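Chemist: Below you will find the structure I want to go over with you.
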Amino acid sequence: MPKHGDVVKVDWSKGTQTRVAQVYATLDDIKIDGGYDDVIRRPYTDRESGKSLEPTTDPGRFVEQLHTVMSGSYLAATKLHDDDACPFREEETLALESIDTG
């Protein structure tokens, strides 16, 4: 299975984060299992290069860098990882401090 990033919804009042989507790179686009497609698919600015980071232009880089550009107080993305190393393998909701988003 290819590496993926998780998109999580942060609930500060409960101190939890819940996975709402998994994002994978394909040859010419990204695949999203879950919700928030419009937010995930929007173009971001790559913080390393300053160039536009778009899912259809360079899907691999987009998924690899998503955690650096989607790190808000409501939605955040995790670093790219294998399914075996996925923090959400057992549970869809985890404590805030238990995953690495940046």
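The values are calculated or read from the model by the stated rules, or taken from the named source; none is laboratory data. Source: prediction; values computed, not measured. Reconstructed Cβ throughout: ideal geometry from the backbone, glycine too, with neighbour counts over all protein chains shown. For the accessible areas, the whole protein counts, side chains as well, though only heavy atoms, and no ligand, DNA or RNA atoms are used. Shrake-Rupley method; radii C 1.70, N 1.55, O 1.52, S 1.80 Å.
Chemist: Taking the Cβ of Tyr36 as the centre, find all other residues whose Cβ is under 14 Å away and add up their charges (Lys, Arg: +1; Asp, Glu: -1). Display every interim value, and only then the final one.
Modeler: Numbers: positive: Lys9, Arg19, Lys31, Arg41, Arg42; negative: Asp6, Asp33, Asp37, Asp38.
That sum, taken over residues with Cβ under 14 Å, equals +1.
Chemist: Under 8 Å for C-alpha pairs, at least 6 residues apart: give me the relative contact order for the chain, rounded to a whole percent.
Modeler: Numbers: 194 pairs, mean separation 33.9, N = 102.
It comes to 33 percent, rounded to a whole number.
Chemist: Something else now. For region 91-97, just list the computed ³J(HN,Hα) in residue order, Karplus coefficients 6.51, -1.76 and 1.60, θ = phi - 60°, integers in Hz, with x standing in for Gly and Pro.
Modeler: Calculated HN-Hα couplings, in order: 10, 7, 10, 10, 5, 4, 7 Hz.
Chemist: How far is helix 59-69 tilted, in degrees, relative to the longest principal axis of the Cα atoms in the chain, given as a value from 0 to 90 rounded to the nearest 10?
Modeler: Orientation of helix 59-69: about 50 degrees from the principal axis.
Chemist: Quantify, in whole percent, the carbon and sulfur part of the accessible surface of the chain (1.4 Å probe; protein heavy atoms only).
Modeler: Percent of accessible area from carbon and sulfur atoms in the chain: 48.
Chemist: Calculate for the chain the 222 nm mean residue ellipticity that helices alone would give, adding -39,500 (n - 2.57) per DSSP H run of length 4 or more and normalising by residue count, nearest 500 deg cm²/dmol.
Modeler: After summing the helix terms and dividing by the residues of the chain, the value is -4000 deg cm²/dmol.
Chemist: Which ³J(HN,Hα) values in Hz, rounded to whole numbers, follow from the phi angles of region 42-48 under the Karplus curve 6.51 cos²θ - 1.76 cosθ + 1.60, where θ = phi - 60° and Gly and Pro get x?
Modeler: With the stated coefficients, region 42-48 comes to 5, x, 10, 9, 5, 6, 7 Hz.
Chemist: Just the accessible area per residue of the chain, please: how many Å² with a 1.4 Å probe? Please list the in-between numbers first.
Modeler: On the way: 5840 Å² over 102 residues.
Value returned for the chain: 57 Å² of accessible area per residue.
Chemist: Taking θ as phi - 60°, what are the ³J(HN,Hα) couplings along region 22-31 by the Karplus curve (6.51, -1.76, 1.60), each to the nearest whole Hz, with x for Gly and Pro?
Modeler: Rounded to whole hertz, the list is 10, 10, 10, 8, 10, 4, 10, 6, 10, 10.
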